[in-house]
Structures are given as structure tokens and as C-alpha cells.
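So the structure is just underneath, and the comments pick up after that.
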Amino acid sequence: TIAVLDFGSQYTQVIARRIRECNIYSRIFPYSVTAAELRKANVSGIILSGGPSSVLTKGSPRPDKKIFQLGVPVLGICYGLQLMGKLLGGDVAKSDRREYGRGRLTIKKKGRLLKGLPKSIKVWNSHGDKVTALPEGFEPIAGTENSDYAVIEDATRNFYGLQFHPEVVHSERGDDIIKNFLVGVCKCKQDWKMSNYVDQAIQDIRDQVGDSRVILGLSGGVDSSVAAALIHRAIGDQLTCVFVDNGLLRLRERDRVEQVFRDHFHVDLRVAKSGKRFLKALKGVTDPERKRKIIGKIFVDVFEDTVKKIGDVDFLAQGTLYPDVIESVAIDGNPAALIKSHHNVGGLPKRMKLKLLEPFRELFKDEVRALGKELGLPDEMIWRHPFPGPGLGVRVMGEIKKSYLDTLREADAILLEEMKRTGYYSKVWQAFCVFLPVQTVGVMGDERTYDYVIALRVVESVDAMTADWAHIPHDILQIISNRIINEVKGVNRVVLDISSKPPSTIEWE
Ligand code: XMP
């Protein structure tokens, strides 16, 4: 086990992830963990993360000094390096130049950490302080324009420090540096796998939950589906899943969730069929923000009603991922600076007085997918495109009517079918149809038609923050358009959305 001590860096989980990528097991500990606890955890190496504080500030987070006497290799990154400088007898000062972003590292001496690396590499910095005098036993290995002590080593005691962030992708060969520490210095074996993670996660869930009952809002999306499968494997029928059918789902979406979770996994699944309740509340509403708020509110009401019927429940499980956590509020004892509050975290559990169970708080999306595969979830569920909480409610423009939804569902199913058939589904970020309540004139057979418009929205993106319209071959678009107009009653025109985000957004509302 490699212990990562968290001093509140935005990148702590990224460090843990890089370690997992080397097939080595790691655990994140609060910075205040004691040396005795680390010894008990049988750690073979310790990494001190970066953090937003300055070691020069009174009361800034400090580790137990005895961790340096465990006889275990220690790597300090950024704030971690400055801590070592300060605590082991060197000197740290405010730098006259703060170093942010790209920097160039020049290697002066072949140390163990930089083994196999070229003389000069690009690195990613984010710090204001720097070490000005090395503690005894340390040697400078590499420097930047700003600091002679960007990489330092005490090869006798096995203490290492990096002023920059090797864990971020912008640092060249950062993974090699981390691997040099893990394999070259700590002598870790690279035999850890995602299946080991499943065992560990199951144990953690059992420890946390005991014999309490857990509910989980299952949406059929990747995160909640994998969470359901994992928690069910851990605690069986102590888990109840609630699926809210808000009437704004895609074709056969509820059937599919029932098939997988009730029929295949034998999960205690409660389905709240509440389409009518949603439609009633949405009647006459055209403003997109109001629609979203109403859908959100009714969802909570329905969810609460369903949970009341289940009886005593202690935990609410959520498939919150690490990127959701880092963007949300500072958690207890976590010194990370607040960046922004996230729409998926919070709200519900407070109102319902439930404790949270979030087994993926340390994971990234692709790792959750790997976990889902390991747990036997079908590929189509693991690789599903993102789908907004308000569902088709924000894909029918203006007022929502049952007939509009039915039309949209049929058109959307055709688009998805063709995207999958041609292999484009897995190449794009999202593909969906939008219903425009605009009637246009057409001619079918010899008859005049006066029907609605369907817009195709297919985008490429990495993180949904920016997106561009996907260049789908014309012959595929042609098939999609023909099929929708011929097979979906009430549609006589199909248009293609060719806007990027920004300035447009992915969804139309
Ligand atoms: P926009 O339309 O803002 O969407 O470019 C960015 C991404 O977020 C999805 N989306 C939502 N997801 N609840 C969600 O869970 C929502 O209310 C919501 N609105 C948009 C959208 O599908 C895209 O992937």
C-alpha cells in the first residue's frame, strides 16, 4: 500500500489515480494520520500531496513528524516538498516570483526519481513558496528558472521532493517519475487490479453500513447503475433502489432498467410510475428554467413518498464521482478551497436526514466504467451517453405535451439505432433528437402535410464544458432523416444542429 496524505490539493485524487494506473494499491489518508496508523496499514511508501496553504503560515496543516522515522520512503509534492524542507531542518521562503503553469525542468544530476528521463522536460507548476536551504542529507537533482531545488533527494533516508506536479497530464513523463518512486524506490509489485478494488470497496461498504438499510436513486445512467450493482453485491437486500419514471424517459428505458436490475441482478427495485404527476405540474409551463425547477421538485417529492413506503432507512447511496466532489463544497477537515457547488451533491440527504454512502468519491468516470464491467453490467449501460436529469422535458421546446413526448421518443430511438448500427454512437459524446413545436408544410404521397420538426443534435466533447457538432457522414444522416420522416407520425421535416458550445449549449433548454 502506498499512503497518500491529503493536504488539500486539487490533485490528491489524481495522484491516487496515477498510482492505480501503475497497478499498485493506494489509500488516501487525511494529513493528520499518525505514524502508528500508517505502520498498522503496512505502507511501503508515503506521498505528501500538494495543498493550497503555505508552510510559512501559522496553523498550516502539518503531518505527524514521526512519519519520517518509519523507515519508509517519502515523496513530497509541491506543498509536500516544502513541508519536508521545513520539518527536516531546511529553509522555506516566499518566492519573489510565483510559479504557475508551464515550466522547464533542467536535470543536473541523475537521481533515482528521474532515472531514464531526458536532460530537460516540461513540467506543471502551481506554487508560491520555495525551498531556499536544503535539509541535511539532501541533494539538488534538478532545477527550474525559478528554483535550484525543484527536485531533491536524500537517497540514504529515501526522502524525495518535487516542486512541480508530476501527476497532471501537462507534466511530461510525470507518470515515469511516479513509477520510479513506486517501483524503483518503494519496490512495489505491480499486481493490483480493478477486481481487487471491488473486494476492498465491498468491505468498506459493509463496514460503513453495518446492518442498516440503504436507498439509492437509480437513473439508469452509468454512475448510479454501477453504484447499485456494487452496493447490492456488498449488502444484498439491505439495498433498495428507487427508479422514478417521470414520463420524460426515452423509449423502453424503464423496461431496460427493470430487466437488468430486477430480473438479472435481483435487486429490490421500486419503480415510481409518476409520469402523470409530472405532466400535470408542467401543464402550460413554457419557460425552460421553470420547467427544470418543477421537474426537480416533483422528483424529490416522488422520491420521498416512495422512500416513506420502504420504512426505516439510514443511508442514501449516490454515485458521486471525484470530479463532482472536487467541484463541490469543502468537506469536513478537507482544506481544499471551495471552487463551485455542484448540482448533484447535497440537498436531498439533508432534508431526508440520511447519511451518505458514496463509494466512488475517489474514482474517475473511466474507472467507474471499468468497475461496472468487472461487476457484469451490460456494455450498453456502461457506455451510455449522458442524459440530463430533466430528461426529454428539456428536449421538447416550450410546453410539454404527452403527444410531443411520444413523437420525440420514436424519433430519438431511430437516431440512436442508426448511430449504434454505424458505430458512431461510441465515437460521439451525445446524440439525441429535439422536438420543435413548429409546424411546416410538406407533401407525402399526393397529400399536403402540416407537421412538426425534429432537430438532430450530435456532439463531440471531452467533458461537456465545450463541445462541437459531430461531422456525421451525409449518407448516414440521409438514412436517419428518411427513417424519421417515414416512420414517425406527425413529423415531416428533420434539421441538423450545427452549433458549437460555446456559444450554444449541448441541450436546447
Ligand atoms: P449543456 O446543455 O449545459 O449540457 O451544454 C452539458 C451536459 O450536461 C447535461 N445536462 C444535465 N445533466 N442534469 C444533468 O444531470 C441536468 O439538469 C442537465 N442539463 C444538462 C447535458 O446533457 C450535457 O451532457
- Which entries in Lys353/Lys373; Lys40/Lys115; Lys108/Lys130; Lys291/Lys402; Lys94/Lys122 show an alpha-carbon gap greater than 25 Å? Lys353/Lys373; Lys40/Lys115
- Fewest to most neighbouring Cβ within 10 Å: what's the order for Leu405, Leu81? Leu405, Leu81
- Treating only the Cβ atoms of Lys and Arg (+1) and Asp and Glu (-1) as charged, compute the dipole magnitude of the range 194-382 about its Cα centre; round to the nearest 20 debye. 1220 debye
- Query: Charges only on Cβ, +1 for Lys and Arg, -1 for Asp and Glu: so what's the dipole of the chain about the Cα centre, in debye to the nearest 20?
  - Reply: 720 debye
- Task: Could you check what % of the DSSP bridge pairs in the range 402-496 are antiparallel, to the nearest 5?
- Result: 75 percent
- Enter the Cα centre distance for the pair the range 391-429 and the range 125-195, rounded to the nearest angstrom. 49 Å
- Message: My understanding is that a pair violates if its Cα-Cα distance is over 23 Å; which of Lys276/Lys501; Lys276/Lys308; Lys66/Lys189; Lys58/Lys350 do that in this structure?
- Response: Lys276/Lys501; Lys66/Lys189; Lys58/Lys350
- Message: Using a Cα-Cα cut-off of under 16 Å, which aspartates and glutamates could be cross-linked to Lys86, ignoring same-chain neighbours fewer than 8 residues away?
- Response: Asp64, Asp129, Glu136, Glu139, Glu153, Asp154
- Task: Among Ile24, Ile294, Ile476, rank each residue by its count of other Cβ atoms within 10 Å, from fewest to most, as a rough exposure measure.
- Result: Ile476, Ile294, Ile24
- Message: Using helices alone, I'd like the mean residue ellipticity at 222 nm for the chain: each DSSP H run of four-plus residues gives -39500 (n - 2.57), total over residue count, nearest 500.
- Response: -9000 deg cm²/dmol
- Once the in-chain neighbours fewer than 8 apart are removed, the aspartates and glutamates whose Cα is under 20 Å from Lys489 read Glu399, Asp406, Glu410, Asp412, Glu417, Glu418, Asp446, Glu447, Asp451
- Among Thr466, Thr240, which comes first, then next, by fewest other beta-carbon atoms within 10 Å? Thr466, Thr240
- Task: Can you find, among Gly423, Ile215, Ile141, the residue farthest towards the positive end of the dipole of the chain? Put +1 on the C-beta of Lys and Arg, -1 on that of Asp and Glu.
- Result: Ile141
- Message: Tell me whether the range 2-185 comes out rounded, prolate or oblate; compute the Cα gyration tensor, take square roots of the eigenvalues as a ≥ b ≥ c, and use a/c under 1.5 as the rounded threshold.
- Response: rounded
- Item | Cα-based shape type of the chain, given that a ≥ b ≥ c are square roots of the gyration tensor eigenvalues and the cut on a/c is 1.5 | prolate
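A short reminder: the numbers here are calculations on the coordinates, not readings from a lab. Since the model is a prediction, treat every value here as computed from it, not as a measurement. Glycine also receives a Cβ, built like all others from the backbone with ideal geometry; neighbour counts cover every protein chain displayed.
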